[in-house]
Amino acid sequence: MNGPMKAGVAGSFGAQLKELREAAGFTQEELATIAGLSVHAVSALERGERRRPQVETVRALSAALDLTGPTRDALLARARAPAANAVEELSTVALPLALTVLLGRDADLQSLRQWLADPAARLITLLGPGGVGKTRLALELARAIGDEGATRVAFVPLAAIRDPGLAASSIAEALGLADISASDLPARARAACADHPTLMVLDNLEQVLDAAPRVADLLTAATTLRLLVTSRAPLRVRGEREYALGPLALEADSEAMSPADLARVPAVRLFVQRVRDVQPDFQLTSANGRTVAAICRRLDALPLALELAAPWLKMLTPEDLLRRLEEDVLLSTAGPRDLPERQQTMNATVAWSYQLLNQDEQRAFRRLGALPGRFSIEAAAAVLAGNDSASAGSDDALQAAASLIDKSLLLRAEPSVASHPLYQMLETVRAYAALTLTAAGERDDAVEGLVRHCTGEASLAAEGLVGPAQAEWLDRVRDDLDNYRCALAWLIERDRPAEAADIAWALWPFWFIRGHLAEGRSWYERTLNLPSLPPAAESRVLVGSAFMCYSQAELGLARARLNRAVAVADGAGDADVVALAENLSGRVEHAFGDVDAARTQFARSAERYRSLSIPWGVGSALTGMAAVALTTGDFGQAERLLDEATGELQHTGPWFLTLSLNVRALLAVRRRKPDEAIAFVRESLTRLRDLQDKLSFVHAMAILAAAAALTGDDAWTARILGAQDAVTERTGVTVADTAVDDLRRQVEHEVRARLGPHRWARAYAAGRQITIDALLKDIDRALAH
């Protein structure tokens, strides 16, 4: 019988397998998952399309079905029955048996299957760092193709081979050839494959890349051969298709997920399954879910790292494990004994790659370990140069980065700014690089290079963060934030407050606009506590700290620090610091309800900024004066001041104009013109979407809620207030303006009363999940009516 056998035919392997599966109470999907096979493979076996499965496949099915004794032997014997179709003999080459289920790689498997379906895709290289699961994915793909029966699969392990000449022997062995040399391998491979489609997996080719030309010769000689290569570096031969394999999926908000949703996240699912191997009763709960997600994130969702960390929960709590990981304590001294030695710890995995680098590459690798997160090529050049600033060349750094990327020790990162390419190491890789950097005695020199780079970047950011390219600079600072953090910590630890103050002062718009208030405040206060803080630095740090305190509604502390800052800055002759302190003092006094003091401070600030020719400062102070006029009921004066402010702010950072738009919206609310107010808030929100401005957002939401209430749409008002509160809780940004906050409280009180507790709760909860884009759609609907 040459055609496929139908399921249920007496005596067939497929019929017996189906009978055993149904007796065990499994679906095909459940059996496939437990056995580590594809659903298609199980289905094909039961239908008789695959009548001679690999021995390892039958053993995996037997284990999944918990078969023992005569029943297991009968299934194995049925699988070994003589083949009726010669093609089926081609798929009997053994693959290493996977002892665990492959998780989170469905999309990768589908993409690779599509690639392999293309006749032109005869050489595919799976690229990625050690521990990402290249071998595991390659085996799963090869097994699925082999189980279909039309293609023979062969597995060539190369991890233990350093001599390229020995690669030919390994390939020959996998093809059933003996006593073969590299020179005659192509011809012998052509004869061995003949007309039989063959997929060969070459595993861990990176340390014998000199064998790549011979590998290419195989494809030229044997037209029915396809190669699936795993490597940390591309082969760089004609016809190669590179498939970059990254860590498992781990959503950005995984820490906030429910246990049920978290259990479906691939990285968490793998970690939990490995934990259950040693602690079968382990469960994800609301108490440990956030910590488990944080552990997975700390390990970059890297499969090997997750598998090595998980067994420690037999002895540690999740909280203890996370703490140790955050302290860079590399816990494992030996992983599972059936893993290769180089994979028994993440250190060993990375060390194995490190030892394959030449001396220049090793130096670059360990010095890049000084960079804690994503970094630009300029930052890389700085740490490579260290204290020798004259040798800081981006071309050398780019060449080093390219070399490390080829070896999967460095990754291209997704930047926020398209023209600002970034790179990064996975944390587990970086941790090893940092250890080797310290061991080489080069850490201080490398970090000093980073400090020099951050100081220069901060001086540019100080201008960019208040200029017309403000949104781009906000993203750029965010991209470089880990490096700034490293530099600040280094300077503070070494009692160098003036340098720390320069960086922290330059970044105040970022901390303020993006709502990094607690962090910004921490850096300022840590700098203030240094004993050798010079007056010029002290005044700047005091103003920066006051900004954060103001946004966190700690008005008394903000006022005290501003008073001190003005006194110190006046003595040091820092007019720009005084002008900013006066501007912020106006806001603080306005929040306290002292309109006369607020008006005076804003007027002083505007005049000082005019003398310094700083338009954003003038416009900001005028906006503050307009808010004061609005509070006193002088609507005409408020409008005139806003018009003047708008003229000053046309060519400055868009954030300053959003403040003016919010005051205009509030003016429209006071005039009981809700449509006008809503339109101003809409314009403000379109700017905030790019700026990701948390402070202006919460103010805008309070005003929008008041406008919505004027339209009579109480449910929408409740949703807006829910959105405002959600941002406040996540960032700590509150409505510091007393008038706006009072208005918000009044609106909430009235709307709650009209809606009643149940309708209020539903609408408010929905608002807490809303996005700016959804808000804009709501606004457009409101304006259309």
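Here's the yes/no breakdown for (1) more than 25 Å from I513 (Cα to Cα); (2) among the β-branched types (V, I, T); (3) not in a helix (DSSP H, G or I):
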site: R430; (1), (2), (3): yes, no, no
site: D444; (1), (2), (3): yes, no, no
site: T455; (1), (2), (3): no, yes, no
site: L460; (1), (2), (3): no, no, no
site: L474; (1), (2), (3): no, no, no
site: N483; (1), (2), (3): no, no, no
site: A498; (1), (2), (3): no, no, no
- Would a scan of region 739-750 turn up a residue that is at pLDDT 95 or above, assigned to a helix (DSSP H, G or I) and crowded, with 18+ Cβ neighbours inside 10 Å? yes
- Message: One residue is enough: does region 536-552 have a residue meeting the conditions assigned to a helix (DSSP H, G or I), out of contact with any strand residue (DSSP E or B) (no Cβ under 7 Å at 6 or more places or on another chain) and under 26 Å from V383 (Cβ atoms)?
- Response: yes
- Query: So which of T285, T291 ends up being part of a loop (DSSP other than H, G, I, E, B) and without any contact (Cβ under 8 Å) to a residue 60 or more places away in the chain?
  - Reply: T285
- Message: Can you pull out every residue in region 229-246 that is crowded, with 22+ Cβ neighbours inside 10 Å and at pLDDT 90 or above?
- Response: V229, T230, S231, L235
- The residue that is least open to solvent (accessible area, probe 1.4 Å), considering only those in region 199-228 that are farther than 18 Å from E242 by Cα and among the β-branched types (V, I, T), is T224
- Message: Condition first: open to solvent by 10 Å² or more (accessible area, probe 1.4 Å) and part of a helix (DSSP H, G or I). Can you find one or more residues in region 700-708 that meet it?
- Response: no
- Query: Out of region 652-683, which residues are more than 34 Å from the chain's Cα centre (by Cα) and within 24 Å of L465 (Cβ to Cβ)?
  - Reply: S660, V663, R664
- Number of the exception - R719 against (1) touching a Pro at 6+ places or on another chain (Cβ under 9 Å); (2) open to solvent by 60 Å² or more (accessible area, probe 1.4 Å); (3) not aromatic (F, W, Y): (1)
- Item | Unique match (being surrounded by fewer than 19 Cβ atoms within 10 Å (Cβ to Cβ) and within 13 Å of T285 (Cα to Cα)) among A263, A252 | A263
- Query: What pairs can you find where one residue is in region 506-522 and outside any helix (DSSP H, G or I), the other is at pLDDT below 90, and their Cβ atoms are less than 6 Å apart, with a gap of 6+ or different chains?
  - Reply: R514/Q692; G515/K694; G515/T731; G515/V733
- Item | Given (1) open to solvent by less than 30 Å² (accessible area, probe 1.4 Å); (2) hydroxyl-bearing (S, T, Y); (3) in a helix (DSSP H, G or I); (4) at pLDDT 90 or above, number of the condition T57 does not satisfy | (4)
- State the number of residues belonging to region 119-144 that are out of contact with any Lys or Arg (no Cβ under 8 Å at 6 or more places or on another chain), assigned to a helix (DSSP H, G or I) and of a type in the set (A, V, I, L, M, F, W, C). 3
- Item | Matching residues in region 463-501 - criterion: being more than 15 Å from L450 (Cβ to Cβ), touching a residue at least 24 places away in the same chain (Cβ under 8 Å) and of a type in the set (A, V, I, L, M) | L465, V466, A471, L474, V477, A498, A501
- When region 547-586 is examined, which residues are found to be touching a residue at least 60 places away in the same chain (Cβ under 8 Å) and surrounded by 24 or more Cβ atoms within 10 Å (Cβ to Cβ)? Y550, S551
- Query: Residue check: is S611 surrounded by fewer than 19 Cβ atoms within 10 Å (Cβ to Cβ) and assigned to a helix (DSSP H, G or I)?
  - Reply: yes
- When you scan region 515-543, how many residues do you find that are of a type in the set (S, T, N, Q) and open to solvent by 10 Å² or more (accessible area, probe 1.4 Å)? 3
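The values are calculated or read from the model by the stated rules, or taken from the named source; none is laboratory data. What you are looking at is a predicted structure, and each value in this text was computed from that prediction instead of being measured. With ideal geometry, Cβ positions are generated from the backbone for all residues, glycine too; neighbour counts draw on all protein chains shown. Surface areas here come from the heavy atoms of the whole protein model, side chains and all, with no ligands, DNA or RNA. Shrake-Rupley method; radii C 1.70, N 1.55, O 1.52, S 1.80 Å.
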